[in-house]
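**Student:** First the structure, which I've put down as structure tokens, then a few questions once you've had a look.
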Amino acid sequence: MPDLFSTDTLLAIVEDLRAPRSGFAQRHFTTVSQDTSEEIHFDIDNKPRRMAPFVSPLVGGKVVQSRGFRTDTFKPAYIKDKRTFHPGRAVKRVKGERIGGGQYSPEERMQILLAQDLEDQLDMLERRMEWMAAQALYGGKVTVQGEQYPSVVVDFGRDANHTIVKANGAKWGDAGVKPLDDLQDWSDRMVRTTGVAMTEVTMTVDVWKVFRADADVKSRLERWRGNSTLQPDAHQGEGRVFQGMVDQFAIYTYSGWVVDAETGLEGSILPDGTVIGTAGDAVEGVRHHGAILDHDALQALEYFPKSWVEQDPSVRYLLMQTAPLLVPYRVNATLRASVR
């Protein structure tokens, strides 16, 4: 019988699990880069709008500087989720087993417990990825901090004009304020700084309530699907929910919550009053993973699970490790506005 807790078995189980539904991470950070060093390197290429120069045919060619790029390096913090498998867990009824037990053997219960804990580890990792994605889109930067890891701000260098805070009297819902005009202005701003237009607009639910009540939005929001069924006028479910099209902008609502690892308190991933504008696939988000410094990790992996046994007292440990950083390579294809 194969060792249930061998690294090969654990990797196969992790790869076979369904990742939890998220929003920004799954939409804009789909490429995975697994680095062979513990440091992550990423290039930022800001292409200016240069025109070729005119010169007289009687003079020599004009020297034009080649376009450069910036390479940033970051050593990411680890995520190390460690679980305990005490032998006593295998002799108790597991979730879903009939009352009184007896449906599964201790070995079968241990397999069920392993799958449940791995699924929970993966869910927690994906929530951390979603949090990082939201931070990158919200502020153009991500703050990484943890135990014995000093707080580090990874700033992707987004243009300051891509962070908008609406003043009193100019907020959505205030008299004379037209949200669709704002969307057009922000899209033009994105085109000017990065060459691509804003195509997707994601807003928190409180903003959506104001947006959908605007007279211009009401008259121009296309809510019909291809099968001619009407899109519900509500946000249903965690993550991003498609609400319709208006002026070629795809409108989404968003909600998501996480429990802070240090305080144990639950909070929203995005604060109320937030609008996130993106240029869709042009964000070019990448999930970078640094190498895991582990004697058993001899290859670059997105996640690395391992298990070992302590003899006295007899207990088995299950450890999930990863060293991630989500990088929006075209960070100016993102924009955040606080409108409420």
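No lab work stands behind these numbers, since they all come straight from the coordinates. Computed from a predicted structure; not experimentally measured. Here the Cβ positions follow ideal geometry from the backbone for every residue, glycine too, while neighbour counts run over all protein chains shown.
**Student:** How would you rank 254-263, 122-131, 322-331, 300-309, highest first, on the average number of other Cβ atoms within 10 Å across their residues?
**Tutor:** 322-331, 122-131, 300-309, 254-263
**Student:** Want the number for residue 257 to residue 153: 0.36 nm per residue separation, take away the alpha-carbon distance, what's left?
**Tutor:** 35.2 nm
**Student:** What percent do you get for the relative contact order of region 260-321 when only Cα pairs under 8 Å and 6+ apart count?
**Tutor:** Once normalised by length, the contact order is 18 percent.
**Student:** So how do 206-219, 138-151 stack up, highest first, on mean other-Cβ count within 10 Å?
**Tutor:** Averaged packing, sorted descending, gives the order 206-219, 138-151.
**Student:** Right, another one. If you plug each phi of region 141-152 into the Karplus form 6.51 cos²θ - 1.76 cosθ + 1.60 with θ = phi - 60°, what whole-Hz ³J(HN,Hα) values come out, in order, with x for Gly and Pro?
**Tutor:** Once rounded to whole Hz, the list reads 7, 9, 9, 10, 7, x, 4, 6, 10, x, 4, 10.
**Student:** Separate question: Out of every Cα pair in region 76-127, what percent are spaced more than 13 Å from each other?
**Tutor:** Above the 13 Å cut-off, region 76-127 has 62 percent of its Cα pairs.
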